[in-house]
Amino acid sequence: MGNRLQEFRVAHKETQQQMAEVMGLKTASVYCKKELGYIPVSLEEAHAAATHWGTTIEEIFFSKKNSSQEVAPAT
């Protein structure tokens, strides 16, 4: 399942460096890898992003937009 970190970041006109700082990451490069799904996002990092944007972890990481693509159709 993907995340919507990039979608939220772009919508809020923030850089990867700014979000790295919000999430307590050492570099923008590490944030980029999390945004692309190469490195998992910890619960603490997800909470920091959700709080920063005034939304929920579920909205960023488990939205219907993402989960509907993951669910196999009933047979």
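The values are calculated or read from the model by the stated rules, or taken from the named source; none is laboratory data. Keep in mind it's a predicted model, so treat the numbers as computed, not measured. Note that each Cβ is placed from the backbone with ideal geometry, even for glycine, and that neighbours are counted across all protein chains shown. The accessibility values were calculated without ligands, DNA or RNA, using every heavy atom of the protein model including side chains. Shrake-Rupley method; radii C 1.70, N 1.55, O 1.52, S 1.80 Å.
Key figures
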{"quantity": "Any pair with Cβ under 6 angstrom, 6 or more apart, that starts in region 33-44 at a residue that is without any contact (Cβ under 8 Å) to a residue 24 or more places away in the chain and ends at one that is open to solvent by less than 100 Å² (accessible area, probe 1.4 Å) and of a type in the set (A, V, I, L, M, F, W, C)", "calculated": "Lys33/Ile39"}
{"quantity": "Residue within region 5-24 that is modelled with pLDDT under 95 and in a loop (DSSP other than H, G, I, E, B) present", "calculated": "no"}
